[in-house]
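Where a number appears in this text, it was derived from the coordinates with a stated rule and is not lab data. None of these values were measured; they are calculated from a predicted model. Counting neighbours? That spans all protein chains shown, and the Cβs are built from the backbone with ideal geometry, glycine included.
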Amino acid sequence: MSQLYTRADLVRARAQWRRDGKTVVFTNGCYDILHPGHIRLLEKARSLGDILILALNTDASVARLKGPTRPLISQDQRAQMALALEAVDAVTFFDEDTPRELIAEVLPDILIKGADWAHFIAGREEVEAAGGKVMALALEPGYSTTNIVEILLQRDASRCS
């Protein structure tokens, strides 16, 4: 059953999962508008281990990264949607611009990002130094929250003109 964790509770749960011999996979993102590309990446990530942690940017973090009009969906609502996904076992938030500190605390066995972030995967050094794997998974073509937002804005603008 999926669960929302505080950072401290997640670190404790991770320690228990390690004792239980579970392979823990970690990924992160804004997940502002959940789309099939997100779902498929999460399913691929979950297939690589026993537990999938999804760390979501807080609303403040999303606004710093994406601009003052984002997020469109609040962090609590984004967490609720993520928790409803079969692939996701644990959800937590991070307020920093990257999850490097959180990753260093959790030290997953496998760290996953989409291939669009292959050039910079926050936490790579920490995970590899602990003997873990870091992977960039191929993205589903045609899916992007930013593109979805742009399409919606264009449709709205054409309706208003």
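In segment 22-62, the residue that is surrounded by the fewest Cβ atoms within 10 Å (Cβ to Cβ) out of those that are in contact with a Gly (Cβ under 9 Å, 6 or more places away or on another chain), of a type in the set (V, I, T) and under 22 Å from T98 (Cβ atoms) is V24.
Of the residues screened, T69 is not one that is under 13 Å from the mean Cα position of the chain (by Cα), polar (S, T, N, Q) and in a loop (DSSP other than H, G, I, E, B). Of all the numbered requirements in (1) under 12 Å from the mean Cα position of the chain (by Cα); (2) within 22 Å of A138 (Cα to Cα); (3) part of a helix (DSSP H, G or I), R78 misses one, and that requirement is (2). Is one or more of the residues making up segment 73-94 surrounded by fewer than 20 Cβ atoms within 10 Å (Cβ to Cβ) and over 16 Å from L4 (Cα atoms)? The answer is yes; a qualifying residue exists.
Go through segment 8-21 residue by residue and tally those that are on the phi < 0 side of the Ramachandran plot and surrounded by fewer than 16 Cβ atoms within 10 Å (Cβ to Cβ). So that I can check it myself, show each step before the final result.
At the first step, the residues of segment 8-21 found to be on the phi < 0 side of the Ramachandran plot are 8-20.
Still in the running and surrounded by fewer than 16 Cβ atoms within 10 Å (Cβ to Cβ): 8-9, 11-12, 15-16, 18-20.
Summing the residues that are on the phi < 0 side of the Ramachandran plot and surrounded by fewer than 16 Cβ atoms within 10 Å (Cβ to Cβ) in segment 8-21 gives 9.
Based on what the data block shows, is A104 of a type outside the set (K, R), closer than 22 Å to A136 by Cβ and surrounded by 16 or more Cβ atoms within 10 Å (Cβ to Cβ)? So A104 fails the test. Screening F26 with (1) closer than 22 Å to E128 by Cα; (2) in contact with a strand residue (DSSP E or B) (Cβ under 7 Å, 6 or more places away or on another chain); (3) part of a helix (DSSP H, G or I) gives one miss only, at (3).
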